[in-house]
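Q: The structure is given below, and queries will be raised subsequently.
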């Protein structure tokens, strides 16, 4: 018996191939990503540019303020990346490692605890969730924050 090397490509019959292609072209297959990586913000000028660019195109920005030593931050980040896929591309998600940016930026954003997730729109912080709870609860609160942003 011959060993198979992974990944194995199995031949599809022509009928199945045609159906897959037809569904894909008719919108039957969801092309949206399963998760969207949080883009890192590494300084004040980049932060200012992201907020200004979002304001120009009337988009919201969600920012995870975290630290690489923060266990809750580490658990939360991949869950927020999955949430980001639900709102891609109308809401952009970013992360800031507070140990890698000037403290002045952290103070300016009003971050006092980690993880903190903020919603920015129109050049201003509109809402925030301080993530002292389990990650799934924080994600739920962030989802509510995004869904209710028109009421802010």
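The values are calculated or read from the model by the stated rules, or taken from the named source; none is laboratory data. Fair warning: this is a prediction, and the values are worked out from it, not measured in the lab. Cβ atoms come from the backbone with ideal geometry, glycine included; neighbour counts cover every protein chain shown.
Q: Can you list the strands (runs of 3 or more DSSP E) lying wholly within the stretch 70-152 that have 2 or more residues being buried (at least 16 other Cβ atoms within 10 Å of the Cβ), within 19 Å of the chain's Cα centre (by Cα) and in contact (Cβ under 8 Å) with a residue 60 or more places away in the chain?
A: In the stretch 70-152, the matching strands (runs of 3 or more DSSP E) lie at 116-121.
Q: Here is a list: 33, 40. Which entry is modelled with pLDDT of 50 or more, farther than 25 Å from residue 124 by Cα, within 21 Å of the chain's Cα centre (by Cα) and surrounded by 10 or more Cβ atoms within 10 Å (Cβ to Cβ)? Before the answer, list the steps.
A: On the way: 40 fails: farther than 25 Å from residue 124 by Cα.
Of the residues listed, the single one that is modelled with pLDDT of 50 or more, farther than 25 Å from residue 124 by Cα, within 21 Å of the chain's Cα centre (by Cα) and surrounded by 10 or more Cβ atoms within 10 Å (Cβ to Cβ) is 33.
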